[in-house]
Amino acid sequence: MFKSNVGGIDRILRIVVGLALIAGFFLDANSSYRWLYLIGIVPLATGLAGSCLLYSMLGLSTCPMKK
């Protein structure tokens, strides 16, 4: 569907950051800003999919170039 534009290290970082933010949602039960942790869904989804819509719009890619 979308062209892959997220490279290896970028992809791993997105998944780790996304999981950490989602874990914060469940671990920080008393915070009034708890819902902000749900932003972690975005980096997690783009990391798992390997495609970032913002990168596509800006013409960026962190994938290694194919020779």
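Residues that are modelled with pLDDT of 95 or more, closer than 17 Å to residue 63 by Cβ and under 11 Å from the mean Cα position of the chain (by Cα) do not occur anywhere in segment 20-42.
Candidates are the residues of segment 51-60 that are touching a residue at least 40 places away in the same chain (Cβ under 8 Å), in a loop (DSSP other than H, G, I, E, B) and out of contact with any helix residue (DSSP H, G or I) (no Cβ under 6 Å at 6 or more places or on another chain); the one that is nearest to residue 5 (Cα to Cα) is 51. When residues in segment 1-48 are screened for being assigned to a loop (DSSP other than H, G, I, E, B) and farther than 30 Å from residue 65 by Cα, 6 of them pass.
The values are calculated or read from the model by the stated rules, or taken from the named source; none is laboratory data. Values in this document were obtained by computation on a predicted structure and should not be read as measured data. We place every Cβ from the backbone using ideal geometry, glycine too, and count neighbours over all the protein chains shown.
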